[in-house]
Amino acid sequence: MKVAMGGFARSSIEAQLGSDLAAGVELALRQYARRLRSSDRPPRFPRFRAGHLADASGAEFDLMIEPEVEQILKRELEQLEQPPTAEQLAVHAVFVYLAELDRARAEQA
């Protein structure tokens, strides 16, 4: 899977998960896929982000993900009325995961 993200997504991953962007994205995708299978579904991809492109301060890389996770993400893309690209869905999954981490930290404080 090709992943392209803007500078904000990149810096957010680095701040919360460390400098290994691929590992951070993979973790976010696994968590997103888990939520897609559960009754606690993640927020849908926002339509306003459909035309968003990665900026020069971001990152672009290929990521190998588990076949099961890839199938779950493909099914999700097929179900959306105006589906984003797989790259856009990956960045959305990252933001959803980072928001969950933020909420969990706030609840612990």
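Find which of V3, L36, S19 sits farthest along the positive direction of the dipole of the chain, computed with +1 on the beta-carbon of Lys and Arg, -1 on that of Asp and Glu, about the Cα centre. Toward the positive end, the furthest listed residue is L36. Our compactness index for the chain, the C-alpha radius of gyration over the empirical 2.2 N^0.38 Å, is 1.02. The residues of the chain expose, per residue, 60 Å² of accessible area to a 1.4 Å probe. As a fraction of the 1.4 Å probe accessible area of the chain, surface on carbon and sulfur atoms comes out at 51 percent.
The values are calculated or read from the model by the stated rules, or taken from the named source; none is laboratory data. Quick caveat: nothing in here was measured; it's all calculated off a predicted structure. No Cβ is skipped: glycine too gets one built from the backbone with ideal geometry, and neighbour counts run over all protein chains shown. Accessible surface areas use protein heavy atoms only, side chains included; no ligands, DNA or RNA. Shrake-Rupley method; radii C 1.70, N 1.55, O 1.52, S 1.80 Å.
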